[in-house]
There are 2 protein chains.
Amino acid sequence: MYTGSLRALIDELGRLPGIGPKSAQRIAFYILKIPSEDARRLADSIVAVKDRTTLCEQCFNVAESGNLCDVCADDRRDAHVVCVVEDPRDIVAVERTQQFRGRYHVLHGALNPLEGIGPDQLRVRELLGRIDAEEITETILCTNPNLEGEATAMYLARLLTPLGIAVTRIASGLPVGGDLEYADELTLGRAIEGRRAVVP
Amino acid sequence: MYTGSLRALIDELGRLPGIGPKSAQRIAFYILKIPSEDARRLADSIVAVKDRTTLCEQCFNVAESGNLCDVCADDRRDAHVVCVVEDPRDIVAVERTQQFRGRYHVLHGALNPLEGIGPDQLRVRELLGRIDAEEITETILCTNPNLEGEATAMYLARLLTPLGIAVTRIASGLPVGGDLEYADELTLGRAIEGRRAVVP
């Protein structure tokens, strides 16, 4: 129904994740209406993120080109404790808790033999390299609590424990504010398995 | 949590309609991952739509700059019947029915005194100008069947009827495949009011 540059824009927008044909159409018409400077700024920010963003050479978090990421560049952070995550977005989730003052290591995925993702496709070698170089004393395995994440955590634990450092895994259990009745049996099982002494 | 060009992109994306913070984040990381050419093509299509798109000088539909829109440029269409819509997107909806072979007129809104939108803010004067110039014999008032759309249709009917042309309004009623039981009383009332003789 649409032709020319409007059709082209709707097609491009429709390729973005989570954007269906209706949303693409709505966004395209929104872009038609806003001032040219605003549209130009959006377009520029897309190009800029590709030109200027790279991976931190230390932890493989997202960083502005040629720099360490914000966490690695911050020397108030504890360099000896490293939280291992699958994805840069997971760093944001951990940071939001304000419970962690160490550094990160981004694997960029999780083990998934069916999709051909083994240790060589992840940043595992680089993690091993950091243990000695940065005198790391603890790694917190913060991969997702699903099949791939658990397998990855288990694999890393086997690799890291012989190096004589503490290797911990985030707890699985009932979400805060959750309800026993509605907990799935796997989660409740984990919560019981991971029970802790109550200090009165 | 994010900084630099990634932060800027997430902010820009978050301004688009229907894109919340989570979607903006997801799209930004998607853009980080795709090849630079693909990101560049998306950015270019945003700029192109602003540079190349304008409003059709005849009906105010979207058109490539300096041209009539696809409908007005197509001389197989009946120039004497004009379907009046609020928005260019409504044209796509009508076209999809394949029930209409005339031309369009886009008002770019509906009367809404509370938001300061009167006839002067809409393309009403231009519609009046077309009636004589293009020898229009019928206008189909195809504004939305809501408060603003009905008010606009009523206003236009009062304006156009004295010019001696046929002025019609799209029917309100139960949607095809609908269910009497679930119809709201306004719609069902309209359906009864607009009842038609059954020709056996």
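Every number here is computed from the coordinates shown, using simple stated rules; none is lab data. Values in this document were obtained by computation on a predicted structure and should not be read as measured data. Cβ: placed from backbone, ideal geometry, glycine included. Neighbour counts: every protein chain shown.
What would the Debye equation give as log₁₀ I(q)/I(0) for segment B:69-199 at q = 0.09, 0.14 Å⁻¹, counting only Cα atoms as equal point scatterers?
Calculated log10 I(q)/I(0) at the listed q: -0.29, -0.70.
If we count other beta carbons within 10 Å of each Cβ, what is the order of B:Glu185, A:Glu135, fewest first?
Ranking B:Glu185, A:Glu135 by Cβ neighbours within 10 Å, fewest first, gives B:Glu185, A:Glu135.
Give me B:His105, A:His80 ranked fewest to most by other Cβ atoms within 10 Å of their Cβ, as a rough exposure proxy.
Ascending Cβ contact count within 10 Å gives the list A:His80, B:His105.
Remind me, relative contact order of chain A in percent, using alpha carbon pairs under 8 angstrom and six or more residues apart?
It comes to 13 percent, rounded to a whole number.
In terms of modelled amide H atoms, which long-range or inter-chain residues lie less than 5 Å from the amide H of B:Glu86?
B:Leu107, B:Asn144
Using DSSP, restrict attention to beta bridges with both residues in segment B:76-169 and report what percent are antiparallel, rounded to the nearest 5.
5
Using only alpha carbons, build the gyration tensor for segment B:134-183 and give me the equivalent ellipsoid semi-axes, biggest first, whole Å.
28, 13, 7
Can you give me the orientation-averaged projected area of the convex hull built on the Cα atoms of the protein assembly as shown, in nm²?
Seen from a random direction, the Cα hull of the protein assembly as shown projects 30.9 nm² on average.
Tell me which of A:Ala157, A:Leu114, A:Tyr104 sits at the most positive position along the dipole axis of segment A:76-169, charges placed on C-beta atoms (Lys, Arg +1; Asp, Glu -1).
A:Tyr104
Return the loop-located trypsin sites (Lys or Arg not before Pro) in segment B:89-144 (DSSP other than H, G, I, E, B) with at most 13 other Cβ atoms within 10 Å of their own Cβ; answer none if there are none.
Those satisfying the criteria are B:Arg101.
What does the structure give for A:7-18 when I average, per residue, the other chain Cβ atoms found within 10 Å of the residue Cβ?
Across A:7-18, the average partner-chain Cβ count within 10 Å equals 6.
Of A:Lys33/B:Lys33; A:Lys22/B:Lys50; A:Lys50/B:Lys22, which pairs sit farther than 25 Å apart, going by alpha carbon to alpha carbon?
With Cα atoms farther than 25 Å apart: A:Lys33/B:Lys33.
Is it possible to state the helix-based mean residue ellipticity at 222 nm for the protein assembly as shown, with each DSSP H run of 4+ residues giving -39500 (n - 2.57), the sum divided by total residues, to the nearest 500 deg cm²/dmol? What is it?
Helix-only estimate at 222 nm: -13500 deg cm²/dmol.
What's the angle, to the nearest 10 degrees (0 to 90), between helix A:4-14's Cα axis and the longest principal axis of chain A?
10
So what are the ³J(HN,Hα) numbers for segment A:135-143, from phi and the Karplus equation (6.51, -1.76, 1.60; θ = phi - 60°), rounded to whole Hz, Gly and Pro as x?
For segment A:135-143, the Karplus curve yields 6, 6, 10, 9, 10, 9, 7, 10, 6 Hz.
When the scattering of segment B:1-120 is computed by the Debye formula from its Cα atoms alone, each counted once and equally, what is log10 I(q)/I(0) at q = 0.11, 0.23 Å⁻¹?
Ignoring solvent entirely, the Cα scatterers give -0.60, -1.20.
Name the residues whose placed amide hydrogens come within less than 5 Å of the amide hydrogen of A:Thr53, ignoring near sequence neighbours (fewer than 5 apart) on the same chain.
Here the answer is A:Ser65, since their amide H atoms fall under 5 Å of that of A:Thr53.
Springs between alpha-carbon pairs under 10 angstrom, Gaussian network model over chain B: which of B:Ala153, B:Ala39, B:Ala79 fluctuates most?
Most flexible of the set in this elastic network: B:Ala39.
Counting other beta carbons within 10 Å of each Cβ, put B:Ile140, B:Ile165 in order, fewest first.
B:Ile165, B:Ile140
Could you derive backbone 3J(HN,Hα) for segment A:145-156 from the dihedral phi with the Karplus parameters 6.51, -1.76 and 1.60 (θ = phi - 60°), listing whole Hz in sequence and x where the residue is Gly or Pro?
Running phi through 6.51 cos²θ - 1.76 cosθ + 1.60 with θ = phi - 60° gives x, 10, 3, 5, x, 5, 4, 5, 4, 4, 4, 5 Hz.
Out of residues 5 or more away from B:Tyr104 or on other chains, whose amide H comes under 5 Å of its own, with H placed 1.01 Å from N in the peptide plane?
B:Cys83
All other residues with a Cβ under 13 Å from the Cβ of B:Arg40 taken together, and with Lys, Arg as +1 and Asp, Glu as -1, what is their net charge?
Combined, the nearby Lys, Arg, Asp and Glu give -4.
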